[in-house]
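Here's the structure we're looking at; comments come further down.
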Amino acid sequence: MRRDGLVRPGRIGAASDWGLRACWILLAGAGLLCVPLLAAQATGGGQTAAPGDFVGAETCATCHEAEAKNFASNPHSKLAKMHSGLTCEACHGAGKAHVDGGGDKSKIFSPASATAKDVDARCLGCHSGKHANFDRSPHAKAGVSCVSCHSVHAAASSEYLLKTAQPALCFQCHTDLQPQFSMPFHHKVNEGLVKCSDCHDPHGTMQGKMLRTTASQNAICTKCHTEKAGPFVYEHPVVKVEGCTSCHTPHGSQNARLLNVSNVNTLCLQCHSTTNASAFPHATSPTGPAHSQVSTEVACTNCHTQIHGSNAEYNFFK
Ligand code: HEC
Ligand code: HEC
Ligand code: HEC
Ligand code: HEC
Ligand code: HEC
Ligand code: HEC
Ligand code: HEC
Ligand code: HEC
Ligand code: HEC
Ligand code: HEC
């Protein structure tokens, strides 16, 4: 593996004259961590850099006009204020050897040609505060790196520096999911009402499928569908225990209300049935007089209207 000289916390002392303290204060507000102090970042060549190895953005601009030109509108231009003129070299490493070599490619860190791992480490040097789960996410494990989704110099928009806006960005790779969002009933992701990143954090989470949770650690669904969050006096335990997706398909469905099955009664009877008692031993079969063969042809939810939980009635009536 290439040693790109990112500094372990224990080595930071060497760089104290580069304003470690100022760095902490400025970055903390943005949720950033300033572990790889710039002064100690290596050149592309690998040795640890000394302060004199940095040439400053103006020097880079003399040869890289295109990259330097629109950088003022880049959120990373803030780095210049934080680090006395260092913007380019915050990511590319100290540039003196590269400049002295007349643009020697081997002496500068180039995210476009570096491995996914090296790029992620470089970006996470500042961004691991907010994206601490990235390394263990399915994206990182599959080699999908920061620059698969973000572009620093050629972003479609300066907000989030995304290469392409959502959902097109995600569909570039997740093409198999695209038909789900065109089903008769679907979350309006293509229409721009809901974003993939409302439910998923592409930088990884503690949940399976990189699902987000609400601030209260509930399923993300209740962030928007707050009235389903409860707590209710009479809970339908399945809502809390198995979760919303035990009855609903999140992306899209042939069935109204995004239900997993076309017929509500079939859905309920998956659990509330003597024939299925072994699968859901705790769910009672409907046995009372209201459940003659005839009445089960009426939708269960005609009578059990408060299916997500009720404050009034044990059997989820109104
Ligand atoms: C004297 C002119 C000059 C200066 C000053 C200069 N570069 Fe370069 N740089 C070049 C040339 C020429 C290339 C292209 C080399 C090639 O394609 O063979 C290059 C390539 C690069 C690359 C791409 C490397 C690759 O592998 O494709 C990066 C990144 C880069 N420079 C960053 C910087 C940064 C950051 C600075 C300021 C610290 C800087 N350069 C200053 C001339 C310069
Ligand atoms: C936040 C990190 C970051 C900063 C700051 C930054 N760059 Fe880059 N640079 C990148 C990434 C990532 C790439 C790969 C291409 C991309 O994502 O746009 C890149 C690519 C380049 C390239 C090669 C372009 C190519 O076609 O491969 C050059 C040259 C370059 N940067 C110069 C600069 C200069 C000059 C500055 C300062 C004005 C600068 N960079 C600031 C991250 C950064
Ligand atoms: C030296 C520290 C540093 C490095 C390295 C760095 N960033 Fe940043 N990044 C920042 C700062 C500071 C901001 C501006 C934060 C703000 O405005 O709140 C920022 C902003 C961003 C934003 C925009 C956030 C928004 O709200 O629009 C994205 C996206 C981003 N960085 C991605 C990257 C990627 C990808 C890399 C690696 C190629 C990278 N950064 C490397 C410090 C860094
Ligand atoms: C699979 C695509 C993808 C990958 C990989 C990815 N991002 Fe992002 N990133 C996004 C999207 C989409 C957003 C916008 C999120 C939103 O709408 O809330 C974003 C937002 C951000 C932001 C600004 C908002 C915030 O929460 O801080 C930063 C900074 C950022 N990403 C940095 C990174 C870094 C650093 C990496 C690599 C370690 C990375 N991203 C990898 C897709 C990605
Ligand atoms: C560059 C290709 C690429 C892009 C762009 C991309 N992904 Fe992925 N994504 C993958 C790969 C590869 C995996 C891991 C293999 C898999 O599970 O399919 C993955 C996995 C996932 C998973 C976890 C699947 C699981 O079974 O655990 C989710 C969720 C996901 N991506 C959502 C998104 C979202 C949301 C976006 C857009 C913000 C996005 N992806 C953009 C390639 C990509
Ligand atoms: C309303 C919330 C929501 C939205 C919006 C959403 N997802 Fe999902 N997604 C989920 C849930 C919940 C699961 C888990 C399903 C399960 O485990 O049964 C999931 C699963 C996935 C998976 C894993 C594979 C699979 O089919 O189970 C991928 C990949 C994925 N989503 C990508 C995306 C992409 C890309 C977008 C945007 C185009 C998106 N999601 C929009 C909630 C959402
Ligand atoms: C970002 C906000 C948001 C999140 C998060 C969200 N939804 Fe939705 N949901 C909506 C909106 C908006 C609609 C209505 C869209 C429309 O009019 O078609 C909707 C519609 C629905 C419907 C259909 C309602 C009907 O009357 O047909 C169901 C069921 C549903 N969502 C379940 C879920 C589940 C399950 C989750 C979690 C996996 C979830 N939602 C997460 C915003 C959200
Ligand atoms: C036991 C199965 C089941 C579970 C679990 C479940 N739902 Fe439902 N949900 C239904 C049924 C059945 C309907 C349709 C009710 C009707 O047609 O009267 C429905 C309807 C909805 C609707 C649209 C109509 C309305 O009442 O607003 C939304 C939104 C919704 N559910 C969200 C959720 C959320 C969010 C969760 C998780 C907190 C969840 N559901 C868990 C069975 C369930
Ligand atoms: C994934 C399994 C599951 C599904 C699907 C399900 N339930 Fe339940 N339900 C349970 C469990 C477990 C309980 C609590 C144990 C019990 O039956 O008392 C419960 C409790 C109830 C109760 C309260 C009665 C009582 O004795 O506590 C009613 C009424 C009920 N469910 C109706 C329905 C209806 C109507 C549907 C379809 C919209 C449905 N359930 C779908 C698992 C399920
Ligand atoms: C015509 C109205 C009505 C319909 C339709 C209906 N129920 Fe009920 N349900 C009741 C009443 C009333 C009770 C109270 C107990 C009783 O039957 O005496 C009840 C009780 C229950 C109970 C609690 C256990 C019990 O038997 O006491 C469950 C579970 C249940 N219903 C599930 C279902 C399911 C599943 C369906 C659809 C297949 C359904 N119900 C359709 C009216 C109805």
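Between residues in the range 295-318 that are farther than 15 Å from His272 by Cβ and residues that are among the acidic types (Asp, Glu), which pairs lie under 6 Å by C-beta distance while being six or more apart or on different chains?
Every condition considered, the pairs that remain are Gly309/Glu235.
For residues that are of a type in the set (S, T, N, Q) and either modelled with pLDDT of 95 or more or in contact with a Cys (Cβ under 9 Å, 6 or more places away or on another chain) (or both), tally how many sit in the range 114-135.
Of the residues in that region, 1 qualify.
Restricting attention to the range 94-103, does a residue exist that is modelled with pLDDT of 90 or more and out of contact with any helix residue (DSSP H, G or I) (no Cβ under 7 Å at 6 or more places or on another chain)?
yes
If I filter the range 45-64 for residues that are more than 16 Å from ligand 9 (Cβ to nearest atom), surrounded by 18 or more Cβ atoms within 10 Å (Cβ to Cβ) and modelled with pLDDT under 55, do I get at least one hit?
yes
Is one or more of the residues making up the range 171-184 within 16 Å of ligand 7 (Cβ to nearest atom), out of contact with any strand residue (DSSP E or B) (no Cβ under 6 Å at 6 or more places or on another chain) and not small (Gly, Ala, Ser)?
yes
I'd like to know if the range 186-195 contains one or more residues that are away from ligand 10 (no atom under 16 Å from the Cβ), of a type outside the set (Val, Ile, Thr) and under 25 Å from Lys141 (Cβ atoms).
Yes, because at least one residue in the range 186-195 is away from ligand 10 (no atom under 16 Å from the Cβ), of a type outside the set (Val, Ile, Thr) and under 25 Å from Lys141 (Cβ atoms).
Rundown of residues vs (1) away from ligand 3 (no atom under 16 Å from the Cβ); (2) within 30 Å of Ser246 (Cβ to Cβ); (3) not charged (D, E, K, R), yes/no style:
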position	(1), (2), (3)
Ser157	no, no, yes
Lys163	no, no, no
Phe181	yes, yes, yes
Lys188	yes, yes, no
Asp201	no, yes, no
Thr214	yes, yes, yes
Thr222	yes, yes, yes
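Please list, ordered by first then second residue, the pairs with beta carbon atoms under 6 Å, 6 or more apart or interchain, first in the range 228-242 and surrounded by fewer than 17 Cβ atoms within 10 Å (Cβ to Cβ), second part of a strand (DSSP E or B).
Correct list of pairs: Tyr234/Ser310; Glu235/Gly309.
Can you find a residue in the range 137-151 that is in contact with a Cys (Cβ under 7 Å, 6 or more places away or on another chain) and within 26 Å of Gly95 (Cα to Cα)?
Yes, because at least one residue in the range 137-151 is in contact with a Cys (Cβ under 7 Å, 6 or more places away or on another chain) and within 26 Å of Gly95 (Cα to Cα).
The values are calculated or read from the model by the stated rules, or taken from the named source; none is laboratory data. Owing to the predicted nature of the structure, the values given are computational and were not obtained by experimental measurement. When we count neighbours, we look across all protein chains shown, and the Cβ atoms used for this are built from the backbone with ideal geometry, even at glycine.
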